[in-house]
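The values are calculated or read from the model by the stated rules, or taken from the named source; none is laboratory data. These figures come from a predicted structure and were not determined experimentally. A quick note on method: Cβ atoms are made from the backbone with ideal geometry, for glycine too, and the neighbour counts reach across all protein chains shown.
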Amino acid sequence: MLEWNPNDPDTVKVHYDVSAWSLEQRAELAEALAEAELAHVWEGDEVVFPEELEAEADALFEELEQVLGPFPIPLAEDDPGIEYGLDEWPPADRRTLAQALIEGEIPHRWDGTTVIVATDAEEAVDELLDAIEQGTLVLASVSGGTAPEGALDRLFSASDRLARDADDRAGREGLRELVDQLEPNAPPYGVSAATWSRTVGAARRLADLVGDEEASSSDIIGAAQALRSLVRQYV
């Protein structure tokens, strides 16, 4: 990780405003930053990087947008907004609201479990809240199901076999049977969306190599080791 002093007045910094991100999205971002080992600090609702890491930070945010996005429209600085305290709501309902606000292009920001929305959107948000509480609003993007039962164990078993022997028949067949059932936006319980998306990507890359007659054993073993490393902590 790059060593830098964010308090050095001569340090050029780049700022990323995540004030409109939900608590869950910020948790995903924090996990991704830790895994990428990018030097950064939090300043209120902004993530700050040294200028020399701007390209890496941009790439990380683009990857997260593909997994979590699109991202919300921030609340205007001169708009005091309307607050809704949702601490008693289940996380699933808050995720539904967060996605509905994004899809409705309603400017807002989250403060923990409290959401502050644009003043002129109060009526529209009230309708969204009523619909969620009544169970009549269920968005496909937040109700896409979960991974097949035992997916993590099966991924680990297949990748472990192929990491040891690129021609292992059980590993190849197990991977082939499972990979088409995996969706990046349908993680198993306890696995973050960002981590699962990377895991599915790694599984698909390994499956492509296994199905490529020209792929070398070393390439297959390397891809299998990468996948095994991703899922090892969950089995």
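Observations on the model:
- Residue tally, condition modelled with pLDDT under 85, part of a loop (DSSP other than H, G, I, E, B) and exposed (fewer than 12 other Cβ atoms within 10 Å of the Cβ), over segment 139-151: 1
- Hits in segment 62-83 - residues which are at pLDDT below 90 and hydrophobic (A, V, I, L, M, F, W, C): L64, V67, L68, F71, I73, L75, A76
- Answer from L97, L86 - the residue that is modelled with pLDDT of 90 or more, not basic (K, R) and not assigned by TED's automatic domain parsing to the domain that holds E31: L86
- In segment 83-97, the residues that are of a type in the set (A, V, I, L, M) and more than 13 Å from D111 (Cβ to Cβ): A92, L97
- For D93, the criteria (1) charged (D, E, K, R); (2) in contact (Cβ under 8 Å) with a residue 40 or more places away in the chain; (3) under 16 Å from A20 (Cα atoms) hold in every case but one, which is (3).
- Scanning segment 166-181 for residues that are surrounded by fewer than 21 Cβ atoms within 10 Å (Cβ to Cβ), in a loop (DSSP other than H, G, I, E, B) and either in contact (Cβ under 8 Å) with a residue 24 or more places away in the chain or under 14 Å from the mean Cα position of the chain (by Cα) (or both) yields D167, Q181.
- Residue satisfying all of: in segment 1-38; farther than 30 Å from T114 by Cβ and touching a strand residue (DSSP E or B) at 6+ places or on another chain (Cβ under 8 Å); modelled with the highest pLDDT among these: V12
- Matching residues in segment 57-75 - criterion: being under 18 Å from R198 (Cα atoms) and surrounded by 14 or more Cβ atoms within 10 Å (Cβ to Cβ): A57, L60, F61, E63, L64, V67, L68
- Near pairs, Cβ below 6 angstrom, 6+ apart or cross-chain, from segment 182-208 (on the phi < 0 side of the Ramachandran plot and crowded, with 17+ Cβ neighbours inside 10 Å) to any residue that is part of a helix (DSSP H, G or I) and at pLDDT below 80: P187/A193; A193/V67; A194/V67; S197/V67
- Segment 105-124 residues that are modelled with pLDDT under 90, paired with ones that are part of a strand (DSSP E or B) and among the hydrophobic types (A, V, I, L, M, F, W, C) (beta carbon under 8 Å, 6 or more apart): R109/V115; R109/I116; W110/I116
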